[in-house]
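Worksheet: one structure, shown below.
The values are calculated or read from the model by the stated rules, or taken from the named source; none is laboratory data. No experiment lies behind these values; they were computed from the predicted model shown. Every residue, glycine as well, gets a Cβ built from its backbone with ideal geometry; the counts of neighbours run over all protein chains shown. Heads up: the accessible areas ignore ligands, DNA and RNA and are worked out on the full protein's heavy atoms, side chains in. Shrake-Rupley method; radii C 1.70, N 1.55, O 1.52, S 1.80 Å.
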Amino acid sequence: MDIAILAVGQPADHAAFFAFMGIASAVVFANLGSAYGTAKSGVGICSMAVLAPSKIIKSIIPVVMAGILGIYGVIVGVLLNMNIKDEMTFQEGYKYLGAGLCCGLSSLAAGIAIGIVGDAGVRANAQEDRVFIGMILILIFAEAVALYGFIISLVVANK
């Protein structure tokens, strides 16, 4: 049995695995957040449409904001994929894994928040118009969580 000790910065055969896991993490978790936010908000829109059908178009804002989360994951996945080389070090692989997880998990958390707020917010907006501005502000703050993860993942990947 031959065990090779790798020096820091030395290329490894399977270091790219971690980089590809970073890509998968960014895309999968961001799309999970996007899908959850869309589905949960969509349920609220369907319920609200019975009470106030004239407010349907105004109520799709949470769905649009949830869709942006998936775009963050795709952008990070494409950028990470462009940087993967045949010969990678473990440090590079772990760097891309961290970048992907940062974007993906932040987007997942934001998607959960957008879904819950979007569902309750559009239902409440059907009964009281003054709720709309508060709902939009909360959705913006939830989206900011994903944006922070997206920015940090770009910084980590390009370090």
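Okay, residues lined up against (1) closer than 16 Å to F20 by Cα; (2) at pLDDT below 95:
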site: C46; (1), (2): no, yes
site: P53; (1), (2): no, yes
site: V64; (1), (2): no, no
site: G67; (1), (2): no, no
site: L79; (1), (2): yes, no
site: C103; (1), (2): yes, no
site: I116; (1), (2): no, no
site: E143; (1), (2): no, no
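Taking each residue of segment 48-65 that is under 10 Å from T38 (Cα atoms) and looking for partners that are hydroxyl-bearing (S, T, Y) and open to solvent by less than 30 Å² (accessible area, probe 1.4 Å) with beta-carbon atoms closer than 6 Å, six or more apart or interchain, yields P62/S41; V63/S41. Comparison of G33, G93 shows that the only residue that is open to solvent by less than 40 Å² (accessible area, probe 1.4 Å), in a helix (DSSP H, G or I) and modelled with pLDDT under 95 is G93. One residue stands out among those in segment 12-30 that are small (G, A, S) and in a helix (DSSP H, G or I): the one that is nearest to S59 (Cα to Cα), which is A30. Please go through segment 135-154 and give me each residue that is within 12 Å of the chain's Cα centre (by Cα) and surrounded by fewer than 16 Cβ atoms within 10 Å (Cβ to Cβ), ordered by number. Across segment 135-154, the qualifying residues are A144, Y148, I151.
Being surrounded by fewer than 18 Cβ atoms within 10 Å (Cβ to Cβ) and among the aromatic types (F, W, Y) is the requirement here; does F132 meet it? Answer is yes for this residue.
Against the condition within 19 Å of the chain's Cα centre (by Cα) and either part of a helix (DSSP H, G or I) or under 16 Å from A39 (Cβ atoms) (or both), how does G104 come out, does it pass?
When the stated conditions are applied, G104 passes them.
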